[in-house]
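Student: Take a look at the following structure, please.
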Amino acid sequence: MFKGRVALVTGGGSGIGAAACQRLAVEGAKVAVVDLKGDTAAHTVELIEKAGGHAIAVAADISSPEDNVRMFDEAEAAFGQVDVAFLNAGILQPYIPLEQVTIELFDKVLSVNLRGAFLGIQQSLRRLRSGGACVATASAAAYLGFAEAAAYATSKHGLIGLVRSSAAAFAARDLRINAVCPGMVMTPMNSFAAIDTIEPPETLANAPYRGGLTPQQIAEVALFLLSQGASGVNGLAQLVDSASLATFPPLPQ
């Protein structure tokens, strides 16, 4: 799907981002693997190169305007262009009642999950080649309140508004922007063991009803939204939650 194209992926050192980086490489892309931790980005690059792909590691803090510029600079310096961007990096918050959320915690979560996405979206609008696409990772928490993670849910609600508000500007440059909204994903961020391997997509099993999802199951949806197969999709927030929010009550009791 991505032969001759260059992809930039934030949060590419583990979880959904690492799976997306590997799948993009399998589909022919050259990949700039961006992560706050340079060693985890380098590990993903090693996995890609062992499989015969091409990638570089970039250590960057997505809440920094300078780092957002630099990560695109480094991708262009290595590969000459950037065609698609998967803005996947983000952080969780401790599960605590609203009254225990400090201003410092609230600001930290929004600085990464919303400000960081805003900076990446602006750079994507400026730097992606015509015909390209951007996908941001939001959350199922963007669809309903989250009593014990108010800052996180707020950041993801805001991200959906930002993606939808950006669709016209992206279309004006022959680009698209969409969001993928995962439910519970079995990643290190959620205290699950890291998964280094990827599978041929046609062999993936269906997720259990309201069950946990693998990082690759989210990555596959992101790849579709980045691909020309989704050429008619712009401004969409695609829920990927194994039907967790499909019926009431929204979560198992």
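Student: Counting other beta carbons within 10 Å of each Cβ, put Thr154, Thr10, Thr137 in order, fewest first. Don't jump to the answer; show the numbers that get you there.
Tutor: On the way: Thr154 21, Thr10 29, Thr137 26.
Lowest to highest Cβ neighbour count: Thr154, Thr137, Thr10.
Student: OK, next. Relative to a virtual label point 7 Å from the Cα of Gln100 in the Cα→beta-carbon direction, which members of the stretch 170-190 show backbone nitrogen distances below 19 Å?
Tutor: Answer for the stretch 170-190: 190.
Student: Only counting other Cβ atoms within 10 Å, I'd like Leu223, Leu8, Leu162, Leu239 sorted with the fewest neighbours first.
Tutor: Leu162, Leu239, Leu223, Leu8
Student: With the radius of gyration and the Kirkwood radius both derived from the Cα set of the stretch 152-196, what is their ratio Rg to Rh?
Tutor: Using Cα coordinates only, the ratio equals 1.15.
Student: 5 Å is the cut-off here: which amide hydrogens, built 1.01 Å from N in the peptide plane, fall below it relative to Val185, excluding neighbours closer than 5 in sequence?
Tutor: Under 5 Å from the amide H of Val185 lie the amide H atoms of Leu213, each far enough along the sequence or on another chain.
Student: List nothing, just return the count: lysine pairs in the chain, 8 or more apart or interchain, with Cα separation under 27 Å.
Tutor: Details: Lys3/Lys30; Lys3/Lys50; Lys30/Lys50; Lys37/Lys50; Lys37/Lys108; Lys37/Lys156; Lys108/Lys156.
For the chain, the number of qualifying lysine pairs is 7.
Student: What's the extension gain from Glu66 to Ala246 if we count 0.36 nm per residue and subtract their Cα-Cα distance?
Tutor: That pair, Glu66 and Ala246, stretches by 60.8 nm at full extension.
Student: Starting from the exponent 0.38 and prefactor 2.2 Å, build the expected Rg for the stretch 95-245 from its residue count and divide its actual Cα Rg by it.
Tutor: Dividing the Cα Rg of the stretch 95-245 by 2.2 N^0.38 Å gives 1.09.
Student: Most mobile of Ala151, Ala55, Ala77 per a Gaussian network model of the chain (Cα springs, under 10 Å)?
Tutor: Ala77
Student: Obtain the nm distance between the two label points defined at Ser130 and Asp39 by a simple spin-label model: each point lies 7 Å from its Cα along the Cα-to-C-beta direction.
Tutor: Computed distance between label sites Ser130 and Asp39 equals 4.5 nm.
Student: Please list, ordered by chain and number, the residues whose modelled amide H lies under 5 Å from the amide H of His54; skip anything fewer than 5 residues away on the same chain.
Tutor: Val31
Student: Further question on the same structure: What list of ³J(HN,Hα) couplings, whole Hz, do you get for the stretch 217-225 from phi and the Karplus terms 6.51, -1.76, 1.60, once you set θ to phi - 60° and write x for glycine and proline?
Tutor: Rounded to whole hertz, the list is 5, 6, 4, 4, 5, 4, 4, 4, 5.
Student: Which residues' amide hydrogens lie under 5 Å from the amide hydrogen of Ala85, considering only partners 5 or more residues apart or on another chain, with H built in the peptide plane?
Tutor: Leu8, Ala133, Cys134, Val135
Student: For the chain, what is the calculated [θ] at 222 nm in deg cm²/dmol (nearest 500), taking -39500 (n - 2.57) for each run of four or more DSSP H residues and dividing by its residue count?
Tutor: That calculation yields -12000 deg cm²/dmol at 222 nm.
Student: If you take the beta carbon distance between Ala169 and Ser231 as r and set R0 to 22 Å, what does 1/(1 + (r/R0)^6) give as a FRET efficiency, to the nearest 0.05?
Tutor: It comes to 0.80.
Student: Now a separate question. I'd like the Karplus ³J(HN,Hα) series for the stretch 150-162: coefficients 6.51, -1.76, 1.60, θ = phi - 60°, whole numbers in Hz, and an x wherever there's a Gly or Pro.
Tutor: 5, 5, 4, 4, 4, 4, 7, 4, x, 5, 4, x, 5
Student: Follow-up question, since we're still on this one. May I ask for log10 I(q)/I(0) of the stretch 132-213 at q = 0.15, 0.25, 0.27 Å⁻¹, from a Debye sum over the Cα atoms as equal point scatterers with solvent left out?
Tutor: Reported log10 I(q)/I(0), two decimals: -0.74, -1.16, -1.22.
Student: Related question: Can you work out the Karplus-derived ³J(HN,Hα) for every residue in the stretch 177-188? Use 6.51 cos²θ - 1.76 cosθ + 1.60 with θ = phi - 60°, whole Hz, and x for glycine or proline.
Tutor: Each residue's phi maps through the Karplus curve to give 9, 9, 10, 10, 10, x, x, 6, 10, 7, 10, x Hz.
Student: What's the exposure ranking of Arg126, Arg5, Arg176, going from fewest to most Cβ atoms within 10 Å?
Tutor: Ranked by crowding around the Cβ, least crowded first: Arg126, Arg5, Arg176.
Student: Where the only charges are on Cβ atoms (+1 Lys, Arg; -1 Asp, Glu), what is the dipole of the chain about its Cα centre, to the nearest 20 debye? Provide the component values of the computation, followed by the final result.
Tutor: Working: 17 positive and 22 negative charges, 134 e Å.
Value, rounded to 20: 640 debye.
Student: I've got another one for you. Rounded, prolate or oblate: which fits the chain when a ≥ b ≥ c are the square roots of the eigenvalues of the alpha-carbon gyration tensor, with rounded for a/c under 1.5 and prolate only if a/b beats b/c?
Tutor: Taking the square roots of the gyration eigenvalues as a ≥ b ≥ c, the chain is rounded.
Every read-out reported here was derived from the displayed coordinates using simple, explicitly stated rules and does not represent laboratory data. Here the structure is a predicted model, which is why all the values come from computation and not from measurement. Please note: Cβ atoms are built from the backbone with ideal geometry, for glycine as well, and neighbour counts cover all protein chains shown.
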